[in-house]
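Colleague: First the structure, which I've put down as structure tokens, then a few questions once you've had a look.
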Amino acid sequence: DGTSSTYLQCDSWAQQYVSVDCPSGQVCYANPTTPGSIMCSPPGSGGVPTAGTCTGHTAKCADPGNSGDYFSCEPWSGQYVNNACPSGLKCYNNQDATGVICQ
């Protein structure tokens, strides 16, 4: 979990597992909201169950105005993953609470 970019996926036609790779630069994590499924994310960013579930391309600050850390949604998995504003900037939730602004 979080160390390899390769995972096994069931090929239902052949009725066997085949080896599949995450996109370049990403590693495989167990999806905490969908048992038996995986999610590919940058190393160290696996799903954050305490951040709740999400839909679409949404994001929210971890500690608005006090840090640059935020959670961005991986729409296919419905999980928030860790993310961060560029160095020195703080995170603020946008007006409709669907995204973040780094200032």
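Colleague: With label points built 7 Å along Cα→Cβ from the Cα atoms of residue 3 and residue 67, find their separation and express it in nm.
Modeller: So the two model labels end up 2.6 nm from each other.
Colleague: Is segment 41-103 best put as rounded, prolate or oblate by its Cα gyration tensor, with a ≥ b ≥ c the root eigenvalues, rounded for a/c under 1.5, and otherwise prolate when a/b is larger than b/c, oblate when not? Before the final figure, lay out each step's value.
Modeller: Numbers: a/c = 2.07, a/b = 1.36, b/c = 1.52.
Taking the square roots of the gyration eigenvalues as a ≥ b ≥ c, segment 41-103 is oblate.
Colleague: Step through the residues of segment 2-17 one at a time and calculate ³J(HN,Hα) from phi using the Karplus curve (6.51 cos²θ - 1.76 cosθ + 1.60, θ = phi - 60°), rounding each to whole Hz and writing x for Gly and Pro.
Modeller: So the J values, rounded to whole Hz, are x, 10, 10, 8, 9, 9, 9, 10, 6, 8, 5, 5, 7, 6, 8, 7.
Colleague: For the chain, calculate the relative contact order in percent as a whole number, restricting contacts to Cα pairs under 8 Å that are 6 or more residues apart.
Modeller: 19
Colleague: Loop by DSSP (not H, G, I, E, B), at most 12 other beta-carbon atoms within 10 Å: where is the longest site-free stretch of the chain for chymotrypsin sites (Phe, Trp or Tyr not before Pro)?
Modeller: Segment 14-75 is the longest.
Colleague: Just to be sure I follow: if Rg is taken over the C-alpha atoms of segment 1-76 and Rh is the Kirkwood radius over the same atoms, what is Rg/Rh? Numbers along the way, then the final one.
Modeller: Details: Rg = 14.6 Å, Rh = 13.9 Å.
Rg/Rh: 1.05.
Read-outs throughout are calculated quantities, based only on the coordinates presented, and are distinct from any laboratory measurement. Predicted model only: the values in this text are computed from it and were never measured. Note that we place each Cβ from the backbone using ideal geometry, even for glycine, and neighbour counts take in every protein chain shown.
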